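Colleague: Quick one: structure below, then a few questions.
The values are calculated or read from the model by the stated rules, or taken from the named source; none is laboratory data. The structure presented is a predicted model; accordingly, all values stated were derived computationally and were not measured. Here the Cβ is made from the backbone with ideal geometry for all residues, glycine too, and neighbour counts use every protein chain on show. When the accessible area is computed, the model is the full protein with side chains, heavy atoms only, and any ligands, DNA or RNA have been set aside. Shrake-Rupley method; radii C 1.70, N 1.55, O 1.52, S 1.80 Å.
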Amino acid sequence: MAHLRSRRRTALALPLGIALAASVGFLPGAASAASNESPAPVSAQAAKDAPALAYVVNTRADHKTIQYVKKAIAENGGSVVVAYEKIGVIVAHSSNPDFGKQIRQVRGVQTAGATRTAPLTAAGTTEDGAPTPLSKAAAKSLKAAAAPGDEPLEADQWDLRAIGADKAAKINPGSRNVTVGVIDTGVDDTHPDLAPNFSASQSASCVGGKADTSPGAWRPANKDSYHGTHVAGEIAAARNGVGVAGVAPGVKVSGIKVADPVNELFYPESVVCAFVFAADHDVEITNNSYYVDPWLYNCKDDPDQRAIVDAVNRAQLYAQRKGTLSLASAGNSNHDLDSDAIVDTSSPDDSTPVPRTIDPHECLDVPTQLPGVVTVSATGVKDLKSIYSSYGKGVIDVAAPGGDKFQIPADTPSKNGRILSTMPGGEYGWLQGTSMASPHAAGVAALIKSTHPKAGPAELQRLLKKQADKLSCPESYDPDGDGDIDAICQDGGKNKNGFYGSGLVDALAAVKK
């Protein structure tokens, strides 16, 4: 189980017994910021004893250049894992401690850097808290009390009602021609609420940077890797009389696993693979409830972090060009992503974190702050920003239900303010976090795509924002009631603000307009 980080805390799981934009853009320059580096000579024995690291090497996207750079990688003590020629990204491994410096000096290389600070071994999600289980007795009671036409556990899904998804399902549950790819820890497609809508042909494991489409490769490593299964259920759990319902219960969902099976970190090369795979397999929408490890924020003045932003940005822009809209969680640090400075105490999260102060306009949360990605903040049952949710004027595009333990529903059997969804092994559980908000918005985007099948990514994003229910900045933001103001909401003009962007996503409007 991955260690907990600033954007990932804990959640709630429940065994049923039946069997996790106006975005700030970054367009990398033509040359690395460290192009004049001069590596010191390293002894043959030191190179032999050094641990292997993974790298992304970004070049011009033409075959001749890539072949030249691949040869140079070998000459500098590296090996090529995979080359994505369409976007000019090569994933490589090397135990040469000067590999990054040396390869950045190769003709045709634009940026290059290590994707981790710890050695390769035999990710970061955005749920806030550990899963809370639904007891068998509670599940049985919910089933017995379910209203006609509702799913057995739907009475506890306040989030569906908050965005009109329950009413939308009666008009249009979504098209089978639309697929939402869950880039995450893996999806348990055997879950009875997910099996009817799961698309195996659009699923894979991208762990390590190269797609594996063998049967079941997309499944979580174990039951503790529940995050992706929970997210998938929020998007597209079927209305089949079994358990819960998703926002878009008629669309298809796929799993693209990127979490390392040992530490559950989401390394850049895996995410690059996921975006390219989604684009090449006609996935219309991707959900990204994570940040790319090991850096919470990637600073452009660091050659390794700059290369990470460059590589992931190339991949997600490729997906956009191929017709894929990507949505991402804003994060659970209650950070103002439009502020002058943020203290990051969690990076790098694969070795020893070193506190640093960063400018979020220069050091980007990836993929959240990449151009064209829809950035989603979280709300609770009171339509108030969740206490943990990051925010920022000009950064947040829309808001969606993510749950909040301080906002308790009065009209649900369990009185739980978190989000109820599917868990591995046919179970169900509550989680909260911007990890839960993003898939709600992705489900609404899937409904818009179902209603407007010819709409491309830019048009889908425009409609998602236009149809959102406007939410105003609160006069005073103190959700935990301790007398301290926990965040400042800035008005952004034109019915936008730093907490909610263009407003709360609206599933009913998505199928009616």
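Colleague: With a 1.4 Å probe and all protein chains left in place, how much accessible area per residue does the chain have, in Å²?
Modeller: 35
Colleague: For region 382-513, calculate the relative contact order in percent as a whole number, restricting contacts to Cα pairs under 8 Å that are 6 or more residues apart.
Modeller: So the answer I get is 35 percent.
Colleague: With just the Cα atoms defining each centre, how far is region 294-309 from region 435-512? Give it in Å.
Modeller: Comparing the Cα centres of region 294-309 and region 435-512, I get a distance of 28 Å.
Colleague: Considering only the chain, what is the antiparallel percent among its DSSP beta bridges, to the nearest 5?
Modeller: Working: 40 of 66 bridges.
Antiparallel bridges make up about 60 percent of those DSSP assigns within the chain.
Colleague: For T111, enumerate residues with amide H under 5 Å from its amide H, sequence gap 5+ or separate chain, H modeled in the peptide plane.
Modeller: N58
Colleague: Still on this structure, I have one more. Hull surface divided by four, with the convex hull built on the Cα atoms of region 311-352: how many nm²?
Modeller: 4.6
Colleague: Apply 1/(1 + (r/R0)^6) to the Cβ-Cβ distance of N495 and T357, taking R0 = 30 Å, and write down the FRET efficiency to the nearest 0.05.
Modeller: 0.35
Colleague: Then there's this: Assigning unit charges at the beta carbon (Lys, Arg +1; Asp, Glu -1) and nothing else, what dipole magnitude in debye, to the nearest 20, does region 227-299 show about its Cα centre?
Modeller: 320
Colleague: Ok, one more. Probe radius 1.4 Å, ligands and nucleic acids ignored: give me the carbon and sulfur share of the accessible area of region 408-513 as a rounded percent.
Modeller: Of the solvent-accessible surface of region 408-513, carbon and sulfur hold 47 percent.
Colleague: Looking at the square roots a ≥ b ≥ c of the eigenvalues of the Cα gyration tensor of region 346-487, which shape do they give, rounded for a/c under 1.5, prolate if a/b is larger than b/c, or oblate?
Modeller: rounded
Colleague: Cut-off under 18 Å on the C-alpha distance; same-chain residues fewer than 8 positions from K393 excluded. Which lysines are left, in chain and number order?
Modeller: K385, K465, K466, K470, K494, K496
Colleague: Another question about this same structure. Of C473, S199, G417, whose Cα points farthest to the positive end of the dipole of the chain (charges on the beta-carbon: +1 Lys, Arg; -1 Asp, Glu; origin at the Cα centre)?
Modeller: Sorting the options by dipole projection puts first S199.
Colleague: From the convex hull of the Cα coordinates of region 253-370, what is the mean projected area in square nanometres?
Modeller: 7.3
Colleague: Dipole of the chain, Cα-centred, from +1 at each Lys and Arg C-beta and -1 at each Asp and Glu C-beta, to the nearest 20 debye? Numbers along the way, then the final one.
Modeller: On the way: 49 positive and 56 negative charges, 321 e Å.
With Lys and Arg at +1 and Asp and Glu at -1, about 1540 debye.
Colleague: Related question: When we measure straight from the Cα of K322, which lysines land under 20 angstrom away, once same-chain ones fewer than 8 places off are left out?
Modeller: Straight-distance partners of K322: K86, K210, K252, K449, K454.
Colleague: Of all trypsin sites (Lys or Arg not before Pro) in region 333-416, which ones are in loop regions per DSSP and have a Cβ with at most 12 other Cβ atoms within 10 Å? Let's see the in-between values first.
Modeller: Details: sites: R356, K382, K385, K393, K405, K415; in loops: K382, K393, K405, K415.
Of the trypsin sites (Lys or Arg not before Pro), the ones in loops of region 333-416 whose Cβ has at most 12 other Cβ atoms within 10 Å are K415.
Colleague: By average Cβ neighbour count within 10 Å, what is the ranking of 434-441, 249-256 from highest down?
Modeller: Packing proxy ranking, top to bottom: 434-441, 249-256.
Colleague: For region 320-418, restrict the atom set to alpha-carbon positions and state the Rg and Dmax in Å.
Modeller: 15.7, 46
Colleague: In cubic angstrom, how much convex hull volume per residue do the alpha carbon atoms of the chain span?
Modeller: Once divided by residue count, the hull of the chain is 131 Å³.
Colleague: Also: Quick one: length gained pulling D480 to I408 fully straight, 0.36 nm per residue minus the C-alpha distance? Walk me through the intermediate numbers first.
Modeller: Numbers: separation 72, 0.36 × 72 = 25.92 nm, distance 1.17 nm.
That works out to 24.8 nm of additional length.
Colleague: What does the highest-first list of 297-306, 469-478 look like by mean Cβ count within 10 Å?
Modeller: My ranking of the peptides, most packed first, is 297-306, 469-478.
Colleague: Out of the DSSP beta bridges found with both residues in region 318-473, what percent are antiparallel (nearest 5)? Don't jump to the answer; show the numbers that get you there.
Modeller: Values: 9 of 17 bridges.
Here the antiparallel bridges make up roughly 55 percent for region 318-473.
Colleague: Further question: Kirkwood hydrodynamic radius (Cα pairs, Å) of region 445-504?
Modeller: 13.3
Colleague: For the residue pair K415 and A74, what label-to-label distance in nm results when each label sits 7 Å from Cα along the Cα-to-beta-carbon direction?
Modeller: Inter-label distance under the simple model: 6.8 nm.
Colleague: While we're here: Do the sum for the chain: with -39,500 (n - 2.57) for every DSSP H run of n ≥ 4, divided by all residues, what is the mean residue ellipticity at 222 nm, to the nearest 500 deg cm²/dmol?
Modeller: Working: 12 runs with 124 residues, N = 513.
Helix-only estimate at 222 nm: -7000 deg cm²/dmol.
Colleague: On to the next question. For labels at D301 and R60 in the simple 7 Å Cα→Cβ model, what's the distance in nm?
Modeller: 3.1
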